[in-house]
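Derivation of every value follows stated rules applied to the coordinates shown; laboratory data play no part. A quick note: this is a predicted structure, and the numbers were derived from the prediction, not measured. Note that we place each Cβ from the backbone using ideal geometry, even for glycine, and neighbour counts take in every protein chain shown.
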Ligand code: PLP
């Protein structure tokens, strides 16, 4: 029951109505200590300046040129422009992920880690795509043999092979892959090109701006026959979750010819992205001054998040609680034996969080900093019982 985020988050909201002591550690949204969303004030300040023409017509199916042309510059990933590429705006990061999986769903296998964002599995199931799981960690880093094993099995059994790598600030662990790990992943994937299967690597960078390691250069070394699909979300970096803005950048030989296929994916799901959101974002991304201001806002928000993680981590250390490998991020996860029971016990102590494979996930992002020590103590009490 506690693996179902929507359900647990509803339970937390209901409990909060009668009891202000409830700690809701389910929310993947960055909040300040008053419980308000930390959003981009630059983005917000542009909204009232828009004309009706900038708000109400349909947006282009693939999104506005202003955003597409400036996206890789904004992400400081212009090196990917040197390769064949095309960009589109999607309904959140979820739209980008869903489009790739649905576009390549025929006899497809999706390689995911056991600790992953559960929606990957839901999307795969929805499009009839089989999942191949590997254990994410070995010792304190990526379980590279496990990754290779899952990939090999999928390559042997399927025509379409889709790998998802979520870095930096992985959900649910907050782990950033190191440059060496990214390089190893790239080399392993390249080693399977000879089997002539269609291989796509989705790089899910939903939490990119909050990550410590934002260097994605290793993926420039992917074989040109592998498609790299960079899925980005404006939800987190701009704090505009409800606007549903994300992007997809496809890199690799022949991707320009896939435009029609991807146009159809969007057209048949959300048809065209949010016009108002695209107009505002276009004005931000096409103006260097605005970009600099947004970087500063993100820096300030990252500092708030880092402060929260510092408080929580040192409290966990104090109570002797170990976490899965963690770098920075909205979430961290704690390995526990009977996660369902631990989550249930915690809910009886006014703490709501979700379970993951072999552990519990704490969404530090949504908890007020002054309650994090208490949260760690309550978790420790249940785990150490
Ligand atoms: N990827 C991961 C790992 C996420 O956790 C999320 C959202 O929680 C997304 C992608 C999608 O973000 P959105 O569709 O809200 O932009």
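Going by a ≥ b ≥ c, the root eigenvalues of the Cα gyration tensor, does the stretch 41-108 fall in the rounded group (a/c under 1.5), the prolate group (a/b larger than b/c) or the oblate group? The partial results should precede the final answer.
Values: a/c = 2.36, a/b = 1.48, b/c = 1.59.
Taking the square roots of the gyration eigenvalues as a ≥ b ≥ c, the stretch 41-108 is oblate.
Multiply the residue separation of residue 260 and residue 76 by 0.36 nm, subtract the distance between their alpha-carbon atoms, and state the gained length in nm to one decimal. Numbers along the way, then the final one.
On the way: separation 184, 0.36 × 184 = 66.24 nm, distance 2.71 nm.
Between residue 260 and residue 76, full extension yields 63.5 nm more.
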Label-reachable residues, the stretch 104-118, where backbone N falls under 18 Å from a point 7 Å from residue 6's Cα toward its Cβ:
117-118
Under 17 Å from a label point 7 Å along Cα→Cβ of residue 47: give me every residue in the stretch 210-246 with its amide N that close.
234-246
Simple spin-label estimate for residue 29/residue 318, 7 Å along Cα→Cβ, in nm, reads 2.9
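Residue 140 to residue 338: FRET efficiency via 1/(1 + (r/R0)^6), r the Cβ-Cβ distance, R0 22 Å, to the nearest 0.05?
It comes to 0.40.
Give the Rg/Rh ratio for the stretch 19-162, taking Rg as the radius of gyration of the Cα atoms and Rh as the Kirkwood radius, to two decimals.
1.05
Please report the relative contact order for the chain, taking Cα pairs under 8 Å with a sequence separation of at least 6, and give it as a percent rounded to a whole number. Don't skip to the answer; put the middle values down first.
Values: 768 pairs, mean separation 105.1, N = 385.
RCO, the chain: 27 percent.
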Please work out the C-alpha center-to-center distance from the stretch 315-333 to the stretch 63-102 and express it in whole Å.
32
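May I ask you to compute the full-extension gain from residue 125 to residue 212, defined as 0.36 nm times their residue separation minus their alpha-carbon distance, rounded to one decimal in nm?
Gain on stretching residue 125 to residue 212: 28.1 nm.
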Expressed to two decimals, the stretch 94-247 has a Cα Rg over Rh, using the Kirkwood radius, of 0.94
Label zone at residue 310 (point 7 Å along Cα-to-Cβ), backbone N below 19 Å, the stretch 15-39
31-34
Taking 0.36 nm per residue of separation and subtracting the Cα-Cα distance, what length does fully extending residue 107 through residue 18 add?
27.1 nm
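Work out the P(r) tail for the stretch 1-96: percent of alpha carbon pairs separated by more than 24 Å, whole number. Kindly include the intermediate steps, with their values, before the conclusion.
Values: 2298 of 4560 pairs.
Here the tail beyond 24 Å accounts for 50 percent of pairs.
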With label points set 7 Å from each Cα along the Cα-to-Cβ direction at residue 374 and residue 268, the distance between them in nm comes to 5.1
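Å³ per residue of the Cα convex hull, for the chain?
Details: hull volume 51.5 nm³, N = 385.
That works out to 134 Å³ per residue.
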